[in-house]
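Below is one structure, written out as C-alpha cells, with a few remarks after it.
The values are calculated or read from the model by the stated rules, or taken from the named source; none is laboratory data. In this text, all values refer to a predicted model and were calculated from it rather than measured experimentally.
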Amino acid sequence: MKARLGKAEGLTAPAEAAAHGTSGGRSVGEPHKLARILFAMMTRRTPDDENQAFKQTPATLSRRILNLQKQAAKLGFQLSPAL
C-alpha cells in the first residue's frame, strides 16, 4: 500500500479498512472466526455455545481489573471498590 499511496496514506489505509470492516471487499476477521468455531465444534464434538464463548473467567476478570487500575493510575486516578 505504501508504494502506491505514499508513506502517510499507506500507513493509515489498512487501519481505515479495518475500521470500516472491509478489506478487499470482504469482512475483516470473519472467515478466521468462523474457521475457529467450526474447528472447535469438530474437535470437541459439541455444538457451538455463544454463552460459553463470552463467559468471563476469574482470570479474565482479574486481568481486566489490573489493566483498569494501571490505566487509572496513569491518568492520576485511584480505583476503589463500589459498595
Quick check on my filter: what residues within segment 60-76 are in a helix (DSSP H, G or I) and more than 17 Å from the chain's Cα centre (by Cα)?
SER62, ILE65, LEU66, GLN69, LYS70, GLN71, ALA72, ALA73, LYS74
Within segment 1-59, count every residue that is part of a loop (DSSP other than H, G, I, E, B) and either more than 17 Å from the chain's Cα centre (by Cα) or at pLDDT 60 or above (or both).
16
